[in-house]
Amino acid sequence: MTGGYKGQFERVKRWCERAKSARSEHDQLDFLLAFFENSLALRDWLTDTESAEKQEIVALFSKHVELRIKRDLANSFKHHSIDRTSQQRPPSIAIEYAPEHPTFGTEGRLVVLSEGKKYEALALADRCVDIWQQFLDFLEGDIET
């Protein structure tokens, strides 16, 4: 019924698409948070089903800042307080006035602020999906290292 880790990845992609089609700041934020949490849960699906070694997942997160930001965002919104973080401060989400590139309404977009850098939130989500897709393709033998 759950579809295993492949089913979880399909849920991750659906949450990403919902975030992209949202027309309000609140909907987009809610969908992005659901995306980040479901994307983080994919890590657990892969290790719990022994589809990937824990060391492979650790290496993947070490290689990609986008996955680390996504993990820290998911954890910061999932828990009231965090005892362990990978950074000095967890990333934060802000609204940026961007009438030339709005992602909801006519003038705003959500951005993620992390370690002195700014990431457009939907682009960050898309990048996480791409990284997961490449990793899953590698696990399934569809591409070479």
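The residues of region 92-145 that are under 15 Å from Arg68 (Cβ atoms) and of a type in the set (A, V, I, L, M, F, W, C), listed by number, are Val112, Leu113, Leu124, Ala125, Cys128, Ile131, Trp132, Phe135. Pairs meeting the criteria (first residue in region 89-106 and in a strand (DSSP E or B), second residue polar (S, T, N, Q), beta carbons under 7 Å, at least 6 apart or on different chains) are Phe104/Ser24; Phe104/Gln28. When residues in region 1-45 are screened for being among the aliphatic types (A, V, I, L, M), buried (at least 18 other Cβ atoms within 10 Å of the Cβ) and over 18 Å from Asn75 (Cα atoms), 2 of them pass. Pairing each residue of region 37-63 that is under 12 Å from Arg11 (Cβ atoms) and touching a residue at least 60 places away in the same chain (Cβ under 8 Å) with any residue that is of a type in the set (Lys, Arg) and assigned to a helix (DSSP H, G or I), provided the two are 6+ apart or on different chains, yields C-beta distances under 8 Å for Ser39/Lys70.
Comparison of Ile131, Ile57 shows that the only residue that is touching a His at 6+ places or on another chain (Cβ under 7 Å), surrounded by 13 or more Cβ atoms within 10 Å (Cβ to Cβ), in a helix (DSSP H, G or I) and at pLDDT 95 or above is Ile131.
The values are calculated or read from the model by the stated rules, or taken from the named source; none is laboratory data. Bear in mind that the values here come from a model prediction, so they are computed numbers and not experimental data. All Cβ positions, glycine included, derive from the backbone under ideal geometry; neighbour counts span all protein chains shown.
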